[in-house]
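All remarks here apply to the structure that follows.
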Amino acid sequence: MVFGIKVFRFYAVVVAMVLSCVGVGNAAAQDAPMHVSCQVAKLTNNGKTYSQVRYATFKSLKRAIKVKNSLVEAVAAVNAIGATGAEIDNAIVASGASWKDSRPNGSFDLSVMAGQAVVVFCDEEEAEVFEIVEGKTRYDIVVRMRRALRDIIVDGRRRIIKPTFKKVPSMDTGYETQFSVNVVLPEGWTKDNSRLIIQPMAIDCQTEDTIAYLEPMVYEGGEYHKMQDRRMRFDYYGKDPLAFAYKDAVVLADGEPFSMDTTVTFKKPDKDKTYKGAYYCVLEDFHREYYNNGGEGTGSCLAFRPFKFLDLSVASAPLDITDFKVEAESQFTTVPRNLMLTFEVGTDRLTTDSLNDVEFRKLIDELKSYGDKLFRVRVEGSASPDGIYESNKALAGKRAARALSIIKSGLGPGADVQLPAPTVKVYTWQDVVAELEGNGTDTAIVSMVRNVVATTDSRRVNFALRNLPFYASVIQPVLAGQRMMKCSYSYERDHVMTPDEAVEAYYSFKPDYIAGKKRFSDGDYYNLFATVKDKAELDTITEMAYRQITAQPGYDKLRFAPYVANRMALLSMRRGVPDPRILAPFIDYTDRRVPASKYEGGVAVRKNLREMLINQAIIYFQEQKLDTAQYLVDWAPKDSITSKLEKFIHFERYFIKYIQGQCTPEEEKMCNEAYAYVMQSSADNRAIIFSELHSQLNKTRQEAEALVDKMDDSNAKKWYLKGLLWSEEAGKEPPVGIADDGFRELSDVEFMKLQNTDPAAAVKYTEALERHAKLQEAAGTDRTPFFLAYFQHSFDLEPKYKSLYANEGNVSDDIREKYPYDDDKADAYRRKFDMLYAASRSKAAGNGAGFGSAPSSGSDAEAPAVQDKQTEETK
């Protein structure tokens, strides 16, 4: 239900409302509308307060009074036993009016005709009506409000009000979800002869299916328990099916209220899914069930994920580039490729599917990109030893010739490229044994295969091996790899660049390299990584190198690939968008050696590097998949780095339990050690924890924001956290203070002097003046909440954060309903961010320093601080 009903135990607070309406236009003619602005004040025992109210206008006073009475009745009915909770919503809908929210301070403007009437609904507790009178433009009306609750007498003294359940978003730690289960039963609901059953459930948010019933909680009155024990022939714990859930520490009693608030933990069966909780609350006596809440939800699918942004760079592991040195000396470079083609069985005819077309198109485009520098293209067919030797060789040769003819046709008749006749390699069973040894296959299996090969006629080896239990899982993949067609091409290098020349080429033709119009060799990338020092440029080079290397089939076999992939994984971690697929090709879960070197197609492939195991563990940690992260940490050799990472894992595993008071002494000890380490690991981590868990840690927005403001402006996490903190202030934000946006208008003399001494600065001043004027104009009418402006800037910096926001438990359903994020309003959010950023810059500079206002976040995805830096470098 949208409207919450607050109830009190022994008395109702008397509330009064002052409606002050001030005319804002000239006296109107009798048939002309009257323009008024209204202010609503609530007068309680604590004095006047101002807050948002709902209002609607009606054609007549009679109709308005009827609506008011229906609302009063609905407020009373919603508190009665058996109420559905929708009584007020139904009354609002039945009124047929368009209800609106006032401003946060209770004020609103109207354009109405004399004779109309207005109904104001305040806090969903009391409705009031007043009539618009001709010529009267100011209304000062004081109305005392009383809570209209239906009294149900229990003993002549107390009132019964309905049970309440507080909806709290779940806490999602990645590997488990924690649901809040809370019940408040006012006096009169529980009795000495009643039983209360609370049955929690886990619900799949993707399907809305109930997938698990969790352990119930059972409370009983003293009389009920004695009678139930008698019913069970004095074997309550042996015969009552709910006895295992009985909580004997709390005894229900006549006339006493009951309340409980606990957390239920559900281990997620699928770490990539989201789950929410619900629970039945059932009251019964000896004869009947007299209350059932119907399965109250513990909250929406929104969930707190407080550790998603933790900075684990202190525990990350870079690779030493010197271990991956690639020489850039050869005048010609040869590039190997696997051709993933499919043929009709037993023929050299390609299957008619799009995959073959894509494979050839990709290869032809790559070959053509070298222009007249392309020197030679070779195609090699191969055949595995299973089957008849002569037939296999002939078929492999035909297929290779077919592939070469298509490549020749794709290059065109004018291509000056050597196309030697294809070669054919037919593997032997001894080759199979050698590859099994190189792959680190279990020695017992290798020995068994070697024995079969040595003692069996070559024409029957395949039949003998097929009877082995591991044929499909161990031998068949080797045979499939041997049947793969290969292609290689050589191209001429104009000049082998020195490290300094590679750096110069990068800065001179950077757009072309980024767009893929120009290419660096692996050796050139090696020199760039070893020479360039600017972190931002190294990030760009990392993305270029990763894109170029991964475009090649079998790229994990390239010597330089592990280094580039590891850099890309570190970059993804730092940006808060970790991707386990980056390092996956370099980790072999079937081989526990660290590192492991595998023989594949004559190339020694490096797998399971210690640094990659650690970094992959961090990625899974950032994805909140702690079990997989811990598995990789246990796999990697123990050292100071793995010890640091385990601190982070302990922190995430136990911290929520710790603040809920649910840790064992041993867990509490580990949590305290982990907490101390994480808090001192980086200033960003303190800001993240204090922001994500500010409510649980009793931190105010101001306390948390002071830490967040120290984060780098180019960090998308900073603005996401500010969005979280300001979401609770939606509708209550202070004025932006655009008059102090740091802009100082120059006098004519100053401007003329600036034009003469620095024309470029004069142009920037003119642009800043225009922005300043627009911001000042917009500041007076803009009602965009701060939190949406901060979130938008975060999304501009890192688009993937928008998906995080969709399930963010720190932004409640109520706030989302009232202030929904709208893609169509993105530019308005960006303009509001410009105002906020300009004001913060002004405050930091002491107001009025300089003439520049904040750069627009709408046209550039980089944060203002980065833009300023780039401008300075350009000078």
For SER405 and MET113 in the same chain, what is the full-extension length gain: residue separation times 0.36 nm, less their Cα-Cα distance, in nm? 96.5 nm
What are the ³J(HN,Hα) couplings of segment 698-714, residue after residue, when phi is run through the Karplus curve with 6.51, -1.76, 1.60 and θ = phi - 60°? Round to Hz, x for glycine and proline. 6, 9, 6, 4, 4, 5, 5, 5, 4, 6, 4, 4, 7, 6, 5, 4, 7
Residue-ordered couplings for segment 525-542, obtained by feeding phi - 60° into the Karplus form 6.51 cos²θ - 1.76 cosθ + 1.60 and rounding to whole Hz (Gly and Pro as x), are 5, 4, 5, 5, 4, 7, 10, 5, 10, 5, 5, 5, 5, 4, 5, 5, 5, 4
Gain on full stretching of the segment that runs from ARG460 to SER508 - 0.36 nm per residue minus C-alpha separation: 11.0 nm
Highest mean first, what order results for 760-766, 648-654 on Cβ atoms within 10 Å? 648-654, 760-766
Measure up LYS486/LYS607; LYS167/LYS226; LYS717/LYS774; LYS638/LYS717 against 26 Å on the Cα-Cα distance and list the ones that go over. LYS167/LYS226; LYS717/LYS774; LYS638/LYS717
Quick one: order ARG547, ARG841 by neighbouring beta-carbon count within 10 Å, fewest to most. ARG547, ARG841
Sort VAL426, VAL264 by Cβ crowding within 10 Å, fewest neighbours at the top. VAL426, VAL264
Only residues of segment 177-204 count here: report those whose backbone N is under 20 Å from the spot 7 Å along Cα→Cβ of ALA86, or say none. none
Below 18 Å, Cα to Cα, which lysines can LYS273 reach? Residues fewer than 8 away in the same chain don't count. LYS308, LYS625, LYS800, LYS802
Counting C-alpha atoms alone, how compact is segment 170-304: give Rg to one decimal and Dmax as a whole number, in angstrom. 16.4, 49
Cα centroid of segment 472-540 to Cα centroid of segment 204-231, whole Å: 63 Å
Using packing as a proxy for protection, rank 60-67, 629-636, 205-212 so that the peptide with the highest average count of other Cβ atoms within 10 Å comes first. 629-636, 60-67, 205-212
For segment 261-281 versus segment 797-845, the gap between their alpha-carbon centres in whole angstrom: 29 Å
On a C-alpha basis, how far is the centre of segment 398-425 from the centre of segment 439-464 in Å? Whole number, if you could? 37 Å
Ranked TYR620, TYR246, criterion: other C-beta atoms within 10 Å, fewest first: TYR246, TYR620
Which ³J(HN,Hα) values in Hz, rounded to whole numbers, follow from the phi angles of segment 629-645 under the Karplus curve 6.51 cos²θ - 1.76 cosθ + 1.60, where θ = phi - 60° and Gly and Pro get x? 4, 5, 4, 5, 5, 5, 6, 5, x, 6, 7, 5, 5, 5, 5, 5, 5
5 angstrom amide H check on MET34, placed H, neighbours 5+ away: VAL112, MET113, ALA114
Proportion of all alpha-carbon pairs of segment 186-232 beyond 15 Å (%): 60 percent
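Every read-out reported here was derived from the displayed coordinates using simple, explicitly stated rules and does not represent laboratory data. Since we're looking at a predicted model, the values are computed, not measured. Cβ: placed from backbone, ideal geometry, glycine included. Neighbour counts: every protein chain shown.
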